[in-house]
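What follows draws every value from the coordinates through simple rules; no lab data is involved. Remember, it's a predicted structure, so these values are computed and weren't measured experimentally. So basically every Cβ, Gly included, is an ideal-geometry build from the backbone, and we count neighbours across all protein chains shown.
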Amino acid sequence: MRFVDEFRSGELAQKLAHELVTLVEPGRTMKLMEVCGGHTHTIYKHGIEDLVPPEIDFVHGPGCPVCVIPMGRVDDAIALAERPEVIFTTFGDMLRVPGGRGSLLEAKARGADVRMVYSPLDALELARRNPAREVIFFAIGFETTAPSTAVTVLRARAEGIRNFSAFCNHVTIGPPLKAILDSPGLQIDAFIAPGHVSTVVGTRPYDFIARDYGKPVVVTAFEPIDILHATVMLVRQLREGRCEVENQYTRVVRRDGNPRAIAALEETMELRDTFEWRGLGWIAHSALKLRPELADWDAEARFELPGTRIEDPKACQCGEVLIGAIKPWECKVFGTACTPERPIGTCMVSSEGACAAYYNYGRLQRRRDRVPA
Amino acid sequence: MRPRRPKLRDEVVTLAHGAGGKATRALVEGLFLEELDNPLLAPLSDSALLELNGSRFAFTTDSYVVKPIFFPGGDIGDLAVNGTVNDLAVAGARPVALSAGFVIEEGFAVADLRRIAASMARAAAVAGVPVATGDTKVVERGKADGLYVTTAGIGVVPPEVELGPERVRPGDRVLVSGTIGDHGMAVMVARGELELEVDLRSDTAAVLPLTLALLELGGAIRWMRDPTRGGLATALNELAQQAGVAVSLAEASLPLRPAVIGTCEILGIDPLHVANEGRLVAVVAADASDAALAALRSHPLGADAAIVGEVRAAPEGLVLLETAFGGNRIVDMLVGDPLPRIC
């Protein structure tokens, strides 16, 4: 496939892998956190760990938007979906995420009108076609998806569509990174920073990581070659004692991001004082809500929500996985009580969650340790 | 090494139970097999194998609820005939007769129904098997999504045919008869929810000429399946678990249309999990694999056939993929419906 094959060339991969071998110091482990779930997915799907020297250790970070939604918010979504007048719309991978009262998929099976959409604009179209119903869009994601929610709300206002609202759960990328950097016993040496979100926010939001915490950062695209390339760039920084924010995704990401998307966000949304992250707890100024003047399109303002807070299940160690303190398979319930078909923690739900990616693609290495091939 | 029978712990049936992956297995094994258990049903293969008066018969049934009813490359009618013919064919049988049951929603256009019946007739003629009996029911408007079709079929298994997971050996080769993922992606795009303009057609077809050509090679043919719901990944995972072997695939050798790769890429779906309706996957002894490939390619339906992998002794029960990139990964069964990623 044009424009994709180039980034999956085995030959180029071998070259980069060879370069890594010459760059690493034998015995000095370098822990690189890939922040974004998309990177985690790529690492496992293409078997990148097989290509890098053992000194490179990928640690899977918190950048899976589905994984960080707390169970209480899923229950709020289900409560909205169960209202008889509501058509509740959501991206596909939120459907299976378990809350305290099951998942949206189960709510749908019980009779709630839950529909999968590919864009919030599809939800707005449903609102146009069903004027007697209330169409609610389950808005989740980092700054990557937030602008599309912003644009949709602005369009609803411009067209005077009153039966559309967004249940806003958008989160921001900077604060959780800071929370991870501040966590005691942190062992991350450098960061593979997310690509898609950076197309919106640019590379400036990562400056504090290099400046205040002395850790190298490379903003990285999503093809396997991109990740190997970023790994080379980070290892080079570490070997040379530099710590800078570098941009590997130059084909799309600009230093200042996308000004139009940022303007749409600023026009529609403001920071919440605090927001709960699954596994990470409450983080100040880490999420977005619609501005008060858009209350007519804000599901939280228009509908009663249970707002119950649900403790993460005791057995679940998603929080430790999300900050890179443990590997997915070191969790007590990984692969036994918690599997993609019966997830306990959200890291097992989305294909971009560290646990699901590892479960789906990566169990090979550990099997190989036990079973000689 | 047959893994423990999965438990069905859900309180209600969800769409995931219909997607052909792990949840479907839990529903079938944890409920239906538990209640209906008998030696004919227990192997849960595409067809049951019956012995009557010294002859062996394959017997199978399947229901079709595809939406949209008409899609590029086919419709619910030829799909229903081909699907049941294929379930018989991969059991090594020559189909003898089919049945067809129709659940029709009040208000369904007669012209559409005639078009569907004609397409069934064409598919049955190509496969050389009559639709020998049938049934119709009409339900109130809103009680069925236009039309559901159920077909069943019976076929004769020649005495010399021996197929099954227990016959699969390390070193055997894995062949597919053509490009994978065409049907599932064609239908997904035809639903019109994606605003993608892609030229994709369902691969719906009877694989009978291909299975008959392979069976000419005798005992070298170990096992055959038509990888429908859940895709090639699910069919091979079931094989790996039932046979207690590993299956290793080479990503670079998988026949894939660029349009399927592109659509899957956009949606974050693995083509290995996408349904096929006119494809065959077979395990063949290594020394017969070239002959088997030639046999498949000699028929137009098998023009894109390829050797895509091999059977290994370990790690038991797993399907592995050597990525074109040079790494390795596991290929798991599908869990629930393939859900597009958010970003």
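Brief remarks on what is shown
- For the range B:1-136, the share of DSSP beta bridges that are antiparallel, to the nearest 5, is 60%.
- Cα-centred dipole magnitude for chain A, charges only on beta-carbon of K, R (+1) and D, E (-1), debye, nearest 20: 540
- Positive dipole terminus of the range A:1-312, leading residue within A:Ala287, A:Leu305, A:Gly99 (C-beta point charges): A:Leu305
- GluC sites (Glu not before Pro) restricted to the range B:114-211 and DSSP loop, no more than 16 other C-beta within 10 Å: B:Glu140, B:Glu160, B:Glu162, B:Glu193, B:Glu195, B:Glu197
- Among the GluC sites (Glu not before Pro) in the range B:1-100, those placed in a DSSP loop whose Cβ has at most 11 other Cβ atoms within 10 Å are B:Glu11.
- Unsatisfied cross-links (Cα-Cα over 30 Å) in the set A:Lys15/A:Lys178; A:Lys289/B:Lys67; A:Lys15/A:Lys327: A:Lys15/A:Lys178; A:Lys289/B:Lys67
- Helix-only [θ]222 nm of the protein assembly as shown, DSSP H runs n ≥ 4, -39500 (n - 2.57) each, per residue, nearest 500: -9000 deg cm²/dmol
- Distance between the pseudo-spin-label points of A:Trp282 and B:Glu216 (7 Å out from Cα toward the beta carbon): 7.5 nm.
- Volume per residue for the range A:241-373 equals 213 cubic angstrom (convex hull of Cα atoms).
- Projected label distance in nm at A:Arg254 and A:Glu270, using a 7 Å step from Cα toward the beta-carbon: 2.8
- Counting only the Cα atoms, the protein assembly as shown fills a convex hull of 161 Å³ per residue.
- Chain A: mean projected area of Cα convex hull, nm²: 19.5
- Computed magnitude of the charge dipole of the protein assembly as shown (debye, nearest 20; Cβ of K, R +1, Cβ of D, E -1): 400
- Note: the range A:1-137, Cα convex hull, 142 Å³ per residue.
- Members of B:Lys22/B:Lys137; A:Lys108/B:Lys143; A:Lys31/A:Lys332 lying beyond 27 Å, as alpha-carbon distances in this model show: B:Lys22/B:Lys137
- Taken along the Cα-to-beta-carbon direction at a fixed 7 Å, the label points for A:Arg342 and B:Ser298 span 5.0 nm.
- Summed side-chain charge close to B:Val157 - residues other than B:Val157 whose Cβ falls under 9 Å, Lys, Arg +1, Asp, Glu -1: +2
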